[in-house]
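The values are calculated or read from the model by the stated rules, or taken from the named source; none is laboratory data. Not measured: the values here are computed from a predicted model. Using ideal geometry, Cβ is built from the backbone for each residue, glycine included, and neighbour counts are taken over all protein chains shown.
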Amino acid sequence: MAQPPYRAPGWLPGGHLQTIWPLARSPAVPPYTRQRWDTPDDDFIHADWLPHRTGAPLVVLFHGLEGCSRSHYARALMHAVSDTGWNGVVPHFRGCSGTPNRLLRAYHSGDSAEIGWILERIAGMHPEAPIFAVGVSLGGNALLKWLGEQGAAAQRIVTRAAAICPPLDLTLSGTALGQGFNRVYTARFLRTLKRKALAKLDVHAAPLDRRRIATARTLHDFDDAFTAPVHGFDGVGDYWRRASSRPYLARIAVPTLLLNARNDPFVPPAALPAAHECSAAMQCEFPAAGGHVGFLSGSAPGHLHWLPRRLLHFFRAAPP
């Protein structure tokens with residue numbers, strides 16, 4: 001049976017409400033088991049796993065900016081994965097699991113190398129079953145970039161993939177997040193981003209301007225003061241350009257769902273790709289509403305079932 005297209009409930013109008021209200025509809029935290037993995041550069045991350053089912057498909061979820069395995073979308077998807085009888089894991093980007101990582105580096109929107117080694121490791125642990133990768137927001141951008149960089153080679157690891165509300169053009173999304181009501185979201189992100197960055201400067205000697213980091217009021221300012229120099233970019237403009245996944249979409253060979261609401265406050269309509277920018281392997285769905293990783297359904301107060309169902313329906317369509 002085909003999955004019906006998303007339609008926002010009439011009682012929840014507008015992209016901002018459709019982004020914010022779903023945060024209050026999070027289900028319980030799934031019964032995760034945490035593993036700590038050492039990284040190739042002598043750092044570490046944590047991965048939170050659902051209880052293992054031998055031979056079942058595995059869904060890997062890459063979270064968004066300052067997200068984690070407890071984010072509303074992660075809880076909803078992992079519950080659906082568990083109910084389906086599949087395996088699931090949420091790897092954390094560095095410093096997002098509640099424990100500071102060792103190195104000065106953190107994570108960023110174009111961190112496709114991190115996506116790559118995580119998926120390689122998971123594939124080595126689960127060679128007997130298909131692997132489906134999901135990236136949300138920042139994680140979606142990084143996943144799409146990795147898929148485009150790898151081309152056909154990604155098919156030896158991932159059977160199907162999905163990106164939910166990724167900031168495909170970081171310049172457009174970064175600029176949008178510095179304007180109007182979006183500054184409320186930015187302030188929320190910056191509270192934890194700045195705290196983590198300043199704590200790193202207490203441990204690591206680095207030629208960074210502590211005051212610029214502490215006083216940053218936009219993601220543009222923070223990325224220029226911390227994210228770009230720490231991760232090898234020549235300023236925020238270079239970072240936003242080189243880390244954007246939009247130029248890589250035409251090279252994707254893994255069947256991939258790209259889902260983004262047209263009223264997403266984080267992703268302006270101009271950032272959504274035209275058909276000629278996407279490979280034949282991509283399936284793009286841009287519903288009129290849904291907010292940023294919202295997609296709430298049902299009568300008030302609503303539920304988060306639609307997005308997990310859409311993802312699992314797409315993954316089940318993979319050939320055996």
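Would you pick out the residues in the stretch 148-179 that are β-branched (Val, Ile, Thr) and touching a Phe, Trp or Tyr at 6+ places or on another chain (Cβ under 8 Å)? Val158, Thr159, Ile164, Thr171, listed by residue number. Among residues of the stretch 232-286 being acidic (Asp, Glu) and not in a helix (DSSP H, G or I), the one that is surrounded by the most Cβ atoms within 10 Å (Cβ to Cβ) is Asp264.
Pairs meeting the criteria (first residue in the stretch 249-274 and in the same structural domain as Gly110 (by TED's automatic domain parsing) and in contact (Cβ under 8 Å) with a residue 40 or more places away in the chain, second residue among the acidic types (Asp, Glu) and in a loop (DSSP other than H, G, I, E, B), beta carbons under 7 Å, at least 6 apart or on different chains) are Ala271/Asp169.
Quick one: would you say Tyr107 is within 29 Å of Val203 (Cβ to Cβ) and of a type in the set (Ser, Thr, Tyr)? Yes, satisfied. Do you know which residues across the stretch 151-193 are exposed (fewer than 14 other Cβ atoms within 10 Å of the Cβ), of a type outside the set (Phe, Trp, Tyr) and assigned to a loop (DSSP other than H, G, I, E, B)? Gln179, Gly180 - these are the residues of the stretch 151-193 that are exposed (fewer than 14 other Cβ atoms within 10 Å of the Cβ), of a type outside the set (Phe, Trp, Tyr) and assigned to a loop (DSSP other than H, G, I, E, B).
A quick yes/no check of all residues on (1) farther than 30 Å from Ala8 by Cα; (2) in the same structural domain as Thr256 (by TED's automatic domain parsing); (3) without any contact (Cβ under 8 Å) to a residue 40 or more places away in the chain; (4) not charged (D, E, K, R):
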site	(1), (2), (3), (4)
Ser26	no, yes, no, yes
Asp83	no, yes, yes, no
Ser97	yes, yes, no, yes
Arg102	yes, yes, no, no
Ala129	yes, yes, no, yes
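Out of Leu119, Leu104, one residue alone is aliphatic (A, V, I, L, M) and assigned to a loop (DSSP other than H, G, I, E, B). It is Leu104. Of the residues making up the stretch 265-320, those that are in contact with a Cys (Cβ under 6 Å, 6 or more places away or on another chain) and among the aromatic types (Phe, Trp, Tyr) number 0. Is it the case that some residue within the stretch 249-262 is among the β-branched types (Val, Ile, Thr) and within 27 Å of Arg212 (Cβ to Cβ)? No, the stretch 249-262 has no match at all. So in the stretch 55-102, with the set limited to residues that are among the β-branched types (Val, Ile, Thr) and touching an Asp or Glu at 6+ places or on another chain (Cβ under 8 Å), which one is surrounded by the most Cβ atoms within 10 Å (Cβ to Cβ)? Going through the qualifying residues, I end up with Val90.
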